[in-house]
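The values are calculated or read from the model by the stated rules, or taken from the named source; none is laboratory data. In this text the structure is predicted, and so the values were computed from the model without any measurement. Neighbour counts are summed over all protein chains in view; Cβ atoms, including those assigned to glycine, are modelled from backbone coordinates with ideal geometry.
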């Protein structure tokens, strides 16, 4: 089926979600004469990934939820994802205060000085009505 900019889409495999059928599998787009293959995969443990958690916190901060409440909710979601520890840091004009500051919360173990430790890290910036905030997340997965 032709779309804008001479883009074609081919759908395969179907998935049942929320009472409706969704077709996904491999998506093939032909853009400007080149083939672009897109494979969509489901993440089995989404809140174990720091990028997804950072986007979650950013969405909460844009909706003017208290930064401490957003950080605690992210930590709670990560604990359900079976991780050993998490550290979340937010920096900038938090809650619109005049002076920028850095706030962080740690839950569990996050051995940043141990080289062998498996730690996932994400740095994310979010634009709020007060200004730009920086979110950093460290997730300690396992020592193995």
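Those residues that are assigned to a strand (DSSP E or B) and over 19 Å from residue 75 (Cα atoms), I need them from segment 121-144; list them, please.
Those that are assigned to a strand (DSSP E or B) and over 19 Å from residue 75 (Cα atoms): 127, 132.
For every residue, the table says whether it meets (1) over 18 Å from residue 68 (Cα atoms); (2) out of contact with any strand residue (DSSP E or B) (no Cβ under 9 Å at 6 or more places or on another chain).
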residue	(1), (2)
81	yes, no
89	no, no
96	no, yes
108	no, no
111	yes, no
116	yes, yes
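For segment 1-120, give me every one of the strands (runs of 3 or more DSSP E) that falls completely inside it and has 2 or more residues that are modelled with pLDDT of 70 or more and closer than 24 Å to residue 137 by Cα.
85-92, 101-108
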